[in-house]
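*Asks:* This is the structure I want to talk about, given as structure tokens.
The values are calculated or read from the model by the stated rules, or taken from the named source; none is laboratory data. Here the structure is a predicted model, which is why all the values come from computation and not from measurement. In this analysis, Cβ positions are derived from the backbone assuming ideal geometry, glycine residues included, and neighbour counts consider all displayed protein chains. When the accessible area is computed, the model is the full protein with side chains, heavy atoms only, and any ligands, DNA or RNA have been set aside. Shrake-Rupley method; radii C 1.70, N 1.55, O 1.52, S 1.80 Å.
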Amino acid sequence: MAGSVTPDDAIAAIRGTGGAQPGYRALHAKGTLYRGTFTATPEAQRLCRAPHLDGSPVPTLIRFSNGSGNPNQRDGVPGVRGMAVKFTLPDGSTTDVSAQTARLFVSSTPDGFVELLRAMRPGLAAPIRMAAFLATHPRVLGALPVLRAANRIPASYATVEYHGLHAFRWVDADGGARFVRYHLSPAAGEQFLSASAGLARGREFLTEELNGRLEAAPARFEFRVQIGGPKDSTVDPSAPWARGEFTTVGALDITGLDTEREHGDDIVVFDPMRVTDGIEPSDDPVLRFRSQAYSASVKLRTGVDRGPAAPPA
Ligand code: HEM
């Protein structure tokens, strides 16, 4: 039944696939934190009044990750990768962008995603479960090429494009508004490895490669927004947008490893619901559910209830 799964159901389904291990993020368990600087373009300010888009350089914290819930996952195997960005605003508060390599989400609802996780549970019956899932979710069949592309092995965390998937409403200084979807595009262009080349790389090659790359120069990503047209869905992250209007709203330069965060009791959560003045979450049910699922994951990995520290769903 639509709308019936709980964050605990999601964690249980993730655990069934080998994720949700105590002490680690339930998904995207293996990742590395970096520091960077974001500078918005003048177009950003025209589209949105949010303080980090006013053109002054903004300190950022970035986490690159493997999507799997297995903290010991080899880097050189197929799988979705994540890029999450936390911008520090002038008043010391933060706002987050959370993106991954899939151009579209597999489902329009949390229920669909949890059903997929349940179907993916390893075991002898897995192929039958997956066939039954595809038979009852025929739209996923159409999305298979998108999902295959999302699972390619990048040559570097800095040579793959990441997508925010959900729609956010950007409000400008005059109160004008539009819905946008986020894309983080590598200035180095996209580059991937074959399955055999991926397996030949070391377990941690994505972090090692990026660290080496940053010794020479910062790694740049363009922050681009896709502006939705009247027929584009603002609530379904599995539906492509027909309107191809893209605007570059800033450049994010990754400068080096972060050495400060996630030591001792420090907790870092990248939550797409953590917005700021000028940015409003859409009514996408997957977006709203994520915040609650991330709180359940934080409880699992740190023992801490986010409570009021979590953005309101
Ligand atoms: C119902 C749908 C989803 C569920 C249940 C889910 C679940 C999770 C969980 C439990 C975590 C670990 C959170 C933490 O401990 O901080 C996580 C991390 C993450 N998820 Fe999702 N997720 C969903 C959809 C998405 C979507 C649509 C995107 C992409 C736009 C996404 C991108 C990420 C990224 C990038 C991370 C890693 C964040 C970090 O590095 O800290 N997720 N997800």
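*Asks:* Whole percent per 5 Å bin, from 0 to the bin with the longest distance: what is P(r) over all C-alpha pairs of segment 69-173?
*Replies:* 2, 10, 15, 19, 19, 14, 10, 5, 3, 2, 1, 0
*Asks:* I would also like to ask the following. Pick out the long, greasy-scoring helices in the chain: whole DSSP H runs spanning 18 Å or more along their own axis by Cα, mean Kyte-Doolittle at least 0.0. Let's see the in-between values first.
*Replies:* On the way: long enough: 138-150 (19 Å, 0.97); 285-302 (26 Å, -0.25).
The qualifying helices are 138-150.
*Asks:* Then there's this: Please compute the contact order of segment 37-166 in relative form: average sequence separation of alpha-carbon pairs under 8 Å and at least six residues apart, divided by the residue count, as a percent.
*Replies:* Values: 172 pairs, mean separation 30.2, N = 130.
It comes to 23 percent, rounded to a whole number.
*Asks:* On to the next question. How far apart, in nanometres, would the label points at ARG220 and THR302 be if each is projected 7 angstrom from Cα along the Cα-to-Cβ direction?
*Replies:* The modelled label-to-label distance comes out at 3.4 nm.
*Asks:* What does the C-alpha gyration tensor say about the overall shape of segment 227-300? Classify as rounded when a/c is under 1.5, otherwise prolate if a/b is larger than b/c, or oblate. Can you show the working numbers first?
*Replies:* Details: a/c = 2.86, a/b = 1.48, b/c = 1.93.
Since a/c reaches 1.5 but b/c is at least a/b, the shape of segment 227-300 is classed as oblate.
*Asks:* Can I ask one more? For segment 105-182 and segment 188-251, what is the separation of their C-alpha centers, rounded to whole Å?
*Replies:* Cα centroid of segment 105-182 versus Cα centroid of segment 188-251: 15 Å apart.
*Asks:* Just to compare against my own numbers: the Cα pair-distance distribution for segment 182-288, 10 Å bins, whole % per bin, please.
*Replies:* Computed distribution, short to long bins: 11, 27, 34, 25, 4.
*Asks:* Something else about it: Have a look at VAL171, VAL85, VAL160 and tell me which one the Gaussian network model of the chain (Cα, springs below 10 Å) gives the largest fluctuation.
*Replies:* Ranking VAL171, VAL85, VAL160 by mean-square fluctuation puts VAL171 first.
*Asks:* Measure off 7 Å from each Cα along the Cα-to-Cβ vector at ASP54 and LEU89, then give the distance between these two points in nanometres to one decimal.
*Replies:* Label-label distance for ASP54 and LEU89, simple model: 1.2 nm.
*Asks:* Highest first, please rank the peptides 71-77, 12-18 by the mean number of other Cβ atoms sitting within 10 Å of their residues.
*Replies:* Put in order of decreasing packing, that is 12-18, 71-77.
*Asks:* Moving on to the next point. For the chain, what % of the accessible area comes from carbon and sulfur atoms, probe 1.4 Å? All intermediate terms of the calculation are to be shown ahead of the outcome.
*Replies:* Numbers: 7800 of 13990 Å².
Carbon plus sulfur share of accessible area: 56 percent.
*Asks:* May I pose another question? When the dipole is taken about the Cα centre of the chain, and only Lys, Arg (+1) and Asp, Glu (-1) are charged at their Cβ, what size is it in debye, to the nearest 20? Please report the intermediate quantities before stating the final value.
*Replies:* On the way: 34 positive and 33 negative charges, 204 e Å.
Here the size comes out at about 980 debye.
*Asks:* OK, next. In square nanometres, what is one fourth of the surface area of the convex hull spanned by the alpha carbons of the chain?
*Replies:* Details: hull surface 64.7 nm².
Mean projected area of the Cα convex hull: 16.2 nm².
*Asks:* Compute the Cα gyration tensor for segment 121-242, then decide on rounded, prolate or oblate, letting a ≥ b ≥ c be the square roots of its eigenvalues: rounded whenever a/c is under 1.5, prolate when a/b is larger than b/c in the other cases, and oblate in all that remain.
*Replies:* Numbers: a/c = 2.96, a/b = 1.06, b/c = 2.78.
The shape class here is oblate.
*Asks:* Pick out, from ALA219, ALA296, LEU47, the residue whose Cα sits farthest towards the positive end of the charge dipole of the chain, with +1 on the Cβ of Lys and Arg and -1 on the Cβ of Asp and Glu.
*Replies:* Toward the positive end, the furthest listed residue is ALA296.
*Asks:* Between GLU204 and ALA126, what is 0.36 nm times their sequence separation minus the Cα-Cα distance? Round to one decimal in nm. Walk me through the numbers before you get to the answer.
*Replies:* Details: separation 78, 0.36 × 78 = 28.08 nm, distance 2.88 nm.
Roughly 25.2 nm would be gained on extension.
*Asks:* Using 0.36 nm per residue, how much length does the chain from ASN211 to THR248 gain when fully extended, once their Cα-Cα distance is taken away? Don't skip to the answer; put the middle values down first.
*Replies:* Details: separation 37, 0.36 × 37 = 13.32 nm, distance 2.61 nm.
Length difference between fully extended and current span is 10.7 nm.
*Asks:* Which of LEU147, LEU116, LEU199 moves the most in a Gaussian network model of the chain with Cα springs under 10 Å?
*Replies:* Comparing LEU147, LEU116, LEU199 in a Gaussian network model of the chain, the most mobile one is LEU199.
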